[in-house]
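Read through the structure below, which is laid out as structure tokens, and then see the notes.
The values are calculated or read from the model by the stated rules, or taken from the named source; none is laboratory data. Predicted model only: the values in this text are computed from it and were never measured. Here the Cβ positions follow ideal geometry from the backbone for every residue, glycine too, while neighbour counts run over all protein chains shown.
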Amino acid sequence: MTSGGGKGLESFKEHMAKEKAQRSTRTVFYHFDTSDRVAEVVISLLLNEAKPYVDLGKGRAIRHHKTHIPDTQDHLHFLVKRTNIAAINKDGSAHDRSHGVQLQKWATDGAKKNFPDFHIPDDGLLESLFAEDAVLLSEAQDHGNVLLPAEVQAIAESTVL
């Protein structure tokens, strides 16, 4: 097939490859006064929004997710060899059943450096959102008290504030 100019039409795959190549070669420079903390945070947010994840080397990465359920928070996923090992909400609370997980130094250092607007616990321990005497839905389910589909349970546990 040819267009009116005699050129062959590019396939969708070729078009997408060209678009991807153009996006990856674009360079943007941000300049701001180093004493302007607001500008630093805004630019950091812009840069982090543009990156789907931060590669920390050795198969380690941090992926930033915007909130996808009403009344929840942006959150970070910590990955090792593309496997999610933990997740943390912007306020420092556990996300997606990461209650009680102890983050390693690479994770806490990487999050503090690349996502300064997130509260990362100094000791790296992701605290539970539940009171000490509260019963997790999964525990109640084991005792026959609550019958919820796993998807609903995960959403409920991740949205409790």
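Note on the range 66-117: residues that are within 12 Å of the chain's Cα centre (by Cα) and basic (K, R) amount to 2.
Of all residue pairs spaced 6 or more apart or on separate chains, none has beta-carbon atoms under 7 Å together with a first member in the range 8-29 that is farther than 23 Å from I43 by Cα and a second member that is in a helix (DSSP H, G or I) and modelled with pLDDT of 70 or more.
Counting only strands (runs of 3 or more DSSP E) that sit completely within the range 26-80, those holding 1 or more residues that are modelled with pLDDT of 70 or more, out of contact with any strand residue (DSSP E or B) (no Cβ under 8 Å at 6 or more places or on another chain) and under 20 Å from G124 (Cβ atoms) correspond to 53-57. A Cβ distance below 8 Å, combined with a sequence gap of six or more or placement on separate chains, defines the contacts here; from the range 95-112, residues that are part of a strand (DSSP E or B) reach residues that are of a type in the set (A, V, I, L, M) in the pairs Q102/L125; Q102/L126.
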